[in-house]
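Nothing in this text is a laboratory measurement; each read-out follows from the coordinates by a stated rule. Quick caveat, the model's predicted, so the values are computed rather than measured.
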Amino acid sequence: MNTEVDHFGAGALPDEKQALRFWLKLLSCSVIVEKTVRQRLAKKFDTTLPRFDVMAALDRFPEGMTLGDLSGHLLVSNGNITGLINRLVDDGMVIRTINPRDRRAQRVRLSRRGEQVFSEMAEAHEEWIETMFHEFDEQDREQAMVLLTHLKSSILTGTKKLKEQP
């Protein structure tokens, strides 16, 4: 049995708890990074992480996206996207076009101003991530990417098995 002391002071945990400990460690890393990015976006750009995420998705698709494609890409509901897009349009960051034959089919893309503002945010975001990961050198990152790719595959396989269970 593994008697290693957990960094969170939980004491000795048996090996059968290793998967849970691993998940908690991944979650804590993710929460720290996300919290820091949220705070920095608010402080430097007076914006939110969801707005940044929407602008990042639209930046990757300069020809624009439908609201449905955007919500699918970001794994959020259409209702969440609609409110964000409305505010981004009001702020001049996003241009919305409506298909005259089907008014429900809206396409959105970054405006020129949105492109400029997002470019500044993306540059700052990249610097923040580099700073937070500075002790993880290129070799560490490559190794982690291989392991995380394998982990994602394992999670997807496990998720499929869970869906098959009653």
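Taking every pair of Cα atoms in the chain, average 1/r, invert it to obtain the Kirkwood radius, and report Rg/Rh to two decimals. Present the calculation step by step, with values, prior to reporting the outcome.
Values: Rg = 20.4 Å, Rh = 19.1 Å.
Rounded to two decimals, Rg over Rh is 1.07.
Quick check: the distance between the Cα centres of the stretch 86-107 and the stretch 110-132, to the nearest angstrom?
23 Å
Once you've got the GNM for the chain with C-alpha springs shorter than 10 Å, pick whichever of 115, 138, 123 has the biggest mean-square fluctuation.
Judging by the Gaussian network model, the answer is 138.
Mind pulling the angle between the C-alpha long axis of helix 112-132 and the longest principal axis of the chain? Nearest 10 degrees, somewhere in 0 to 90.
In the chain, helix 112-132 runs at an angle near 10 degrees to the longest axis.
In nm, what is the difference between 0.36 nm times the number of residues separating residue 139 and residue 69 and their Cα-Cα distance? Mind dumping the intermediate values first?
Details: separation 70, 0.36 × 70 = 25.20 nm, distance 3.53 nm.
Computed gain between residue 139 and residue 69 is 21.7 nm.
Helix 49-60 versus the longest principal axis of the chain: what is the Cα-based angle in degrees, 0 to 90, to the nearest 10?
Roughly 70 degrees between the two axes.
May I ask you to list the aspartates and glutamates whose Cα is less than 18 Å away from that of residue 44, ignoring any residue fewer than eight positions away on the same chain?
34, 53, 91, 115, 120, 123, 126, 127, 130
Considering Cα pairs under 8 angstrom that are at least six residues apart, work out the relative contact order of the stretch 33-166 and quote it in whole percent.
Details: 104 pairs, mean separation 29.4, N = 134.
Result for the stretch 33-166 is 22 percent.
What number, rounded to the nearest 500 deg cm²/dmol, is the helix-based mean residue ellipticity at 222 nm of the chain, given -39500 (n - 2.57) per DSSP H run of at least four residues and division by all its residues?
Estimated from H runs of four or more residues: -22500 deg cm²/dmol.
Under the 0.36 nm per residue contour assumption, what length would be gained going from the current alpha-carbon distance of residue 103 and residue 153 to full extension?
14.1 nm
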